Amino acid sequence: MSKSLQAIRGMNDILPEQTPLWRYFEATVASLLDGYGYRQIRMPIVEATELFKRSIGEVTDIVEKEMYTFDDRNGDSLTLRPEGTASCVRAVLEHGITGGGQVQKLWYQGPMFRHERPQKGRYRQFHQIGVEVFNLDGPDIDAELILLTWRLWGELGLRDVVTLELNSLGSSEARVRYREALVAFLSARLELLDEDSKRRLTSNPLRILDSKVPETQALLTDAPKLADYLDEASRVHFEGLKARLDAAGIPYVINPKLVRGLDYYCKTVFEWVTDQLGAQGTVCAGGRYDGLVEQMGGKPTAGVGFAMGIERLVLLLESLERVPAALSRQIDVYFCAFGEAAELAALALSETLRDQLPHMRLQVNAGGGSFKSQLKKADKSAALFALVVGDNELAERVVGFKPLRGQGEQQNIAWDALPAHLAANLNQV
Ligand code: HAM
């Protein structure tokens with residue numbers, strides 16, 4: 001196939017072998033969020049470019065170099081969303097659903113787009129499930145978000161491979177004071193800074209804290225600490241969060257250098273990280289953004305949320321071989337019919353079975369073939385049972401019921417008795 005017709009680099013097909021795990025993951029998260037009273041919201045994938053510039057921040061990596069931005073036919077600048085928080089804030093404001101202090105606990109899921117250098121766990125189109133809560137300003141809701149992700153890791157069998165990193169960025173005033181102190185400290189040592197950090201010194205100095213350059217990290221050992229600049233309210237909030245996590249028995253580490261790559265955060269920030277995925281180890285990340293709604297033109301409204309990267313979590317489940325065994329079987333019963341009259345009977349019978357056993361996954365053989373070849377297909381399908389109808393079965397109004405996984409011999413079952421027989425047998429597995 002010519003290169004120009006292939007998928008865009010960093011944008012992946014999710015093939016039929018992979019979708020069962022995706023669907024399992026998505027369904028697990030959705031039912032968990034239902035259980036905590038979160039409601040789904042769906043936003044467009046394309047938004048006005050200005051929305052992301054204003055919310056994520058002009059001098060962030062995302063806005064400076066990673067957005068897919070284009071002019072549409074009207075000449076309006078549009079962008080494929082690089083994340084969901086900005087769109088979600090726009091949506092709640094536009095529909096007035098956080099007005100008057102109304103609490104909203106929302107979640108969304110879907111593709112996000114960032115023009116990053118693709119590598120394992122990092123793609124240009126990737127998928128997030130995100131959660132955003134509005135109008136709750138206490139540490140109790142920050143704790144709830146962390147508790148529900150901890151529960152998710154439990155359900156997925158991932159608790160032993162993820163670590164929670166926590167930090168508080170303080171109020172925006174506290175951050176301004178800290179920023180000044182950090183800039184003063186680093187400016188006096190300019191010649192020791194790497195090029196990227198020099199550039200950030202004027203644009204976004206806090207991001208220097210999570211520089212990967214060892215010399216810069218060494219320099220930061222003696223730099224002013226964000227924790228020493230926290231305002232009282234943020235300090236109390238952070239203590240409240242830690243007390244709740246302690247009470248619930250959730251392990252965490254404080255990472256004073258955790259600042260996150262988006263500008264809207266204040267107070268709590270957190271990341272769930274794993275060392276099992278190489279360089280792209282953050283599987284879920286978020287924090288509080290109490291100033292964002294106001295910054296976007298709304299009334300002061302507390303906000304907090306997180307998003308997880310589905311690709312990374314799916315990769316983690318696969319690489320640790322923690323994929324539930326049941327996912328390898330996509331059908332339960334394979335219906336073989338030999339001869340035209342038997343095919344017609346099988347089709348009618350299979351519809352009756354679907355009426356009575358709506359959860360059974362039944363595949364009717366298509367494309368004819370000898371009994372032998374149909375049974376081969378049945379076996380290959382990984383189904384548990386085959387149903388077999390030929391002229392003899394048709395005449396006797398029975399179906400051959402053939403266990404395919406060593407659960408006994410084939411036997412004839414009367415058509416009327418088939419639904420109950422199937423139900424009983426499928427229940428046992
Ligand atoms: P983020 O840290 O930019 O935060 O992304 C959240 C998660 O999305 C990451 O931890 C990672 O798992 C996944 N992710 C990000 N970029 C990529 C990529 N290029 N390829 C694969 N996965 C990726 C946000 O997006 C915030 N909106 C989170 C938030 C919600 N904060 C408050 N509310």
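Measure up Lys53/Lys257; Lys120/Lys242; Lys225/Lys267 against 26 Å on the Cα-Cα distance and list the ones that go over.
Lys120/Lys242
With N set to the residue count of the stretch 114-193, report its C-alpha Rg divided by 2.2 N^0.38 Å to two decimal places. Before the final figure, lay out the partial values.
Working: Rg = 18.7 Å, N = 80, 2.2 N^0.38 = 11.6 Å.
Compared with the compact-globule rule of thumb, the stretch 114-193 sits at 1.61.
Given C-alpha coordinates of the stretch 301-394, what is the ratio Rg to Rh with the Kirkwood estimate of Rh?
On the way: Rg = 20.2 Å, Rh = 16.1 Å.
For the stretch 301-394, the value is 1.26.
Over the Cα atoms of the stretch 2-47, compute the convex hull volume and normalise it per residue, giving Å³.
Hull volume over Cα atoms, normalised by residue count, gives 120 Å³.
Put +1 on the Cβ of every Lys and Arg and -1 on every Asp and Glu Cβ in the stretch 103-231; which of Val183, Gly130, Gly110 then has its Cα farthest towards the positive end of the dipole?
Gly110
Classify the stretch 151-194 as rounded, prolate or oblate from the Cα gyration tensor: take a ≥ b ≥ c as the square roots of its eigenvalues, call it rounded if a/c is under 1.5, otherwise prolate when a/b beats b/c and oblate if not. Don't skip to the answer; put the middle values down first.
Numbers: a/c = 7.36, a/b = 2.25, b/c = 3.26.
It is oblate, given that a/c is not under 1.5 and a/b is not larger than b/c.
Figure the gain on full extension for Leu344 and Ser203 (residue separation times 0.36 nm, minus the Cα-Cα span) and round it to one decimal in nm.
Result for the pair: 43.6 nm of gain on full extension.
Once Lys and Arg get +1 and Asp and Glu get -1 on their Cβ, which of Val253, Ala302, Gly287 lies farthest toward the positive end of the dipole of the stretch 244-330?
Ala302
Lys pairs in the stretch 289-429, Cα-Cα under 22 Å, at least 8 apart or on separate chains: how many?
So the count of such lysine pairs works out to 5.
Taking the convex hull of the Cα atoms, report for the stretch 58-140 its projected area averaged over all directions, in nm².
Over all viewing directions, the stretch 58-140 projects a mean Cα-hull area of 7.8 nm².
Leaving out ligands, DNA and RNA but keeping every protein chain, what accessible area does Asp34 have, in Å² rounded to the nearest 10, with a 1.4 Å probe?
Approximately 100 Å² for this residue.
Enumerate the amide H contacts of Asn412 below 5 Å, restricted to partners 5 or more residues apart or on another chain; note that Pro and chain-start residues carry no placed amide H.
Phe401
Is it possible to state the helix-based mean residue ellipticity at 222 nm for the chain, with each DSSP H run of 4+ residues giving -39500 (n - 2.57), the sum divided by total residues, to the nearest 500 deg cm²/dmol? What is it?
The per-residue figure over the chain is -11500 deg cm²/dmol.
With a 1.4 Å probe and all protein chains left in place, how much of the accessible area of the stretch 330-429 comes from carbon and sulfur atoms, in whole percent?
51
Among the helices of the chain (complete DSSP H runs), which have Cα atoms covering no less than 30 Å along the helix axis and a Kyte-Doolittle mean of at least 1.6?
none
Rounded, prolate or oblate: which one fits the stretch 156-295, using the alpha carbon gyration tensor with axes a ≥ b ≥ c (rounded when a/c is under 1.5, else prolate when a/b beats b/c, else oblate)? Mind dumping the intermediate values first?
Numbers: a/c = 1.92, a/b = 1.29, b/c = 1.49.
Because a/c hits 1.5 or more and a/b fails to exceed b/c, the stretch 156-295 counts as oblate.
Quick one: check the C-alpha center-to-center distance for the stretch 256-290 versus the stretch 399-429, whole angstrom.
The stretch 256-290 and the stretch 399-429 have Cα centres separated by 52 Å.
Of the listed peptides 353-359, 229-235, what is their order by residue-averaged count of other C-beta atoms within 10 Å, with the highest listed first?
My ranking of the peptides, most packed first, is 229-235, 353-359.
For the stretch 39-78, what size does the Cα cloud have along each of its three principal axes, sorted from largest down, in whole Å?
32, 27, 15
Can you compute the radius of gyration and Dmax for the chain, using only the Cα atoms, both in Å?
When restricted to the Cα atoms of the chain, Rg and Dmax are 27.8, 95 Å.
Under a Cβ-only charge scheme (Lys and Arg +1, Asp and Glu -1), can you give me the dipole magnitude of the chain about the Cα centre, in debye to the nearest 20?
Numbers: 49 positive and 57 negative charges, 106 e Å.
The dipole magnitude comes to about 520 debye.
Rounded to whole Hz and in sequence order, give me ³J(HN,Hα) for the stretch 6-15 from the Karplus expression 6.51 cos²θ - 1.76 cosθ + 1.60, θ = phi - 60°, writing x for Gly and Pro.
Once rounded to whole Hz, the list reads 7, 4, 5, 3, x, 10, 10, 6, 10, 7.
Please say if the stretch 351-429 is rounded, prolate or oblate, where rounded means a/c under 1.5 for a ≥ b ≥ c the square roots of the C-alpha gyration tensor eigenvalues, and otherwise the choice is prolate for a/b larger than b/c and oblate otherwise?
rounded
Normalised by the empirical 2.2 N^0.38 Å for globular proteins, what value does the Cα Rg of the stretch 190-242 take?
1.39
If you roll a 1.4 Å probe over the heavy atoms of the protein chains, what accessible area per residue do you get for the chain, in Å²? List each step's numbers first, then the result.
Working: 20840 Å² over 429 residues.
Using a 1.4 Å probe on heavy atoms only, each residue of the chain averages 49 Å².
Give the whole-number value, in cubic angstrom per residue, of the convex hull volume spanned by the C-alpha atoms of the stretch 1-121. Write down the numbers at each step before the final one.
Numbers: hull volume 19.3 nm³, N = 121.
Measuring per residue, one finds 159 Å³ for the Cα hull of the stretch 1-121.
Using +1 at the C-beta of Lys and Arg and -1 at the C-beta of Asp and Glu, which of Pro20, Leu5, Gly35 has the Cα lying farthest in the positive direction of the dipole of the stretch 1-40?
It is Leu5, whose Cα lies furthest towards the positive end.
Compute the Rg to Rh ratio over the stretch 81-225 from the alpha carbon atoms, using the Kirkwood formula for Rh, and round to two decimal places.
1.02
Based on alpha-carbon centroids, what's the gap between the stretch 73-120 and the stretch 16-37 in Å, whole number please?
21
Taking a temperature of 10 °C and a viscosity of 1.306 mPa s, what whole-number D in µm²/s does Stokes-Einstein yield for the stretch 99-160 with Rh from Kirkwood over alpha carbon pairs?
Answer from the Stokes-Einstein relation: 111 µm²/s.
Carbon and sulfur: what percent of the stretch 179-292's accessible surface (1.4 Å probe)?
The C+S portion of the solvent-accessible surface of the stretch 179-292 is 54 percent.
Quick check: at a probe of 1.4 Å, how many percent of the accessible area of the stretch 1-155 sits on carbon and sulfur atoms?
Whole-percent figure for carbon plus sulfur exposure: 49.
The values are calculated or read from the model by the stated rules, or taken from the named source; none is laboratory data. Remember, it's a predicted structure, so these values are computed and weren't measured experimentally. Note that we place each Cβ from the backbone using ideal geometry, even for glycine, and neighbour counts take in every protein chain shown. Protein only, heavy atoms only, side chains kept; ligands, DNA and RNA dropped before computing areas. Shrake-Rupley method; radii C 1.70, N 1.55, O 1.52, S 1.80 Å.
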